[in-house]
Amino acid sequence: MPLWNALLMLANNAVIERTNRRWATSGESGSDDDGRLFTYDCSTAEKKSQENKGEDGQPVEKGSDTILASTFSKSGSYFALTDDSKRLILFRTKPWQCLSVRTVVRRCTALTFTASEEKVLVADKSGDVYSFSVLEPNECGKLELGHLSMLLDVAVSPDDRYVLTADRDEKIRVSWALAPHNIESFCLGHTEFVSRIFVVPDHPELLLSSSGDCTLRLWEYRRGQELHCCHLTSLQEPAGPRGDKRFAASRITYWSRDSCVALLCDCVPVVYIFQLEAPRRQLVYKQQLSFQHRVWDIAFEESQGLWVLQDCREAPLVLCRPVDGQWQPVPEDATVKKVCTQLRGHWAMLEGSAGVDEGFSSLYKATFDNMTTYLKKKEERLQQQLRKKRHKTPPPGPNGQTKKVKAGEASWSGSS
């Protein structure tokens, strides 16, 4: 289930532009020696010769090669993606090269590399997490842990000791990486599905999470303790684009330089900026950046600032930096112009994403008011029974009591 069809990621001065089934890299490390972009089309990836079959042995519907999730390793040396044809595709980035195409059991929702970059952890719709070796790129996956509901995100602690998983049933689980059946803690408090989790790099004991309950929460995840909760609905400006509609965060990104947290919700043209005050264990709301076009994705780059990918061919990429304590777009420099030119040259890859806004709407809990219907039908049955009872009861006699005539008396009076 692709949440977003356009994605922006940054690693080693490379900009990743991801669309339905193709992606391209821009920047110094993202180009070939002759300056051309490295592009990859999932529809051309290796396909298994055997027919895919479901649990009942019947053929299942083939995927459309749409990219479902992708991520870089911590150093940026590796890149991995999964598509709805149930494939995990692993790349080396220096230089760009496809290392392997492996099959996953079910369609995936999220993936991440371990800090050591020895494994890729893949979370799927059924609630399972599989690990795939990076050092042995053709090795099959290994089942690590499972939930009883769909997983929406997966993360690892910076020391690789813990695997953190977020599911549709409001839970964040912290499991031991070496023995995932051992659960360290649960982070409980969200009242809707948990859409994103993020371990703060320079404060590895802290976790950020977002949910369909319109909150951003800060946790000390090993103890399962909630430290701070920000209600996003209270931060909206009066003329906000969402009104009273529910929304969830599609991206959490962090800038270590100033301990800034940027939050993007459901591809709306608004980005929330927070300050993480780690000693006080709290988040401080700073501002929100509004854009004229729908925002597809955001990402921080330590040396530059906040990159914003938006649905605008004339200015697909915007760079924001703090100026006098306030974040704001800055004029295009040579780097921004170069990347924007490359994106415009491949705009057809992004056009398929324009107007698509699936978001998280299908993940919200559905509520049904069965009691009102039940009480109404019950009252109708009681009234019906009462009418039948009145119809069967004989009329009363002269003294106000019902006459009771014995069968023998009726026969005697009839003979006389």
(request) Report whether or not Gln275 is free of Cβ contacts under 8 Å to residues at least 24 places away in the same chain, open to solvent by 40 Å² or more (accessible area, probe 1.4 Å) and in a strand (DSSP E or B). (result) yes
(request) Can you tell me which residue among Arg161, Arg223, Arg168 is open to solvent by 30 Å² or more (accessible area, probe 1.4 Å) and closer than 17 Å to Leu121 by Cβ? (result) Arg161
(request) Test Lys125 against the stated conditions and say whether it is modelled with pLDDT under 95 and within 18 Å of the chain's Cα centre (by Cα). (result) yes
(request) Give me the pairs, please: first residue somewhere in the range 171-199 and aromatic (Phe, Trp, Tyr) and at pLDDT 95 or above, second residue anywhere and open to solvent by 50 Å² or more (accessible area, probe 1.4 Å) and in a strand (DSSP E or B), beta-carbon distance under 7 Å, and either six or more positions apart or on two chains. (result) Trp176/Glu184
(message) Could you go through the range 119-134 and let me know if any residue there is over 21 Å from Ala177 (Cα atoms), out of contact with any Ser or Thr (no Cβ under 7 Å at 6 or more places or on another chain) and part of a loop (DSSP other than H, G, I, E, B).
(response) no
(message) Which count do you get for residues in the range 309-324 that are over 16 Å from Arg294 (Cβ atoms) and within 31 Å of the chain's Cα centre (by Cα)?
(response) 4
(message) Looking only at residues that are part of a strand (DSSP E or B) and hydrophobic (A, V, I, L, M, F, W, C) in the range 280-295, which one is surrounded by the fewest Cβ atoms within 10 Å (Cβ to Cβ)?
(response) Val284
(message) Considering only residues that are open to solvent by less than 20 Å² (accessible area, probe 1.4 Å) and within 22 Å of the chain's Cα centre (by Cα), which ones fall in the range 128-152?
(response) Val129, Ser131, Phe132, Leu145, His147, Ser149, Leu151, Leu152
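Does the range 296-329 hold any residues that are among the acidic types (Asp, Glu), open to solvent by less than 50 Å² (accessible area, probe 1.4 Å) and assigned to a loop (DSSP other than H, G, I, E, B), and which are they?
Start the filter on the range 296-329 by keeping residues that are among the acidic types (Asp, Glu), which leaves 297, 301-302, 311, 314, 324.
Next cut, open to solvent by less than 50 Å² (accessible area, probe 1.4 Å) only: 297, 301, 311.
The one that is among the acidic types (Asp, Glu), open to solvent by less than 50 Å² (accessible area, probe 1.4 Å) and assigned to a loop (DSSP other than H, G, I, E, B): Asp311.
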(request) Name the residue, out of Leu178, Leu208, that is hydrophobic (A, V, I, L, M, F, W, C) and crowded, with 17+ Cβ neighbours inside 10 Å. (result) Leu208
(message) For the range 183-205, which positions are crowded, with 22+ Cβ neighbours inside 10 Å and among the aliphatic types (A, V, I, L, M)?
(response) Val194, Ile197
(request) Please enumerate the residues belonging to the range 330-347 that are open to solvent by 70 Å² or more (accessible area, probe 1.4 Å) and part of a loop (DSSP other than H, G, I, E, B). (result) Pro331, Glu332
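The values are calculated or read from the model by the stated rules, or taken from the named source; none is laboratory data. If you're wondering where the values come from, they're calculated on a predicted model, not measured in any experiment. Cβ atoms come from the backbone with ideal geometry, glycine included; neighbour counts cover every protein chain shown. All accessible areas refer to the heavy atoms of the entire protein, side chains included, with ligands and DNA or RNA removed. Shrake-Rupley method; radii C 1.70, N 1.55, O 1.52, S 1.80 Å.
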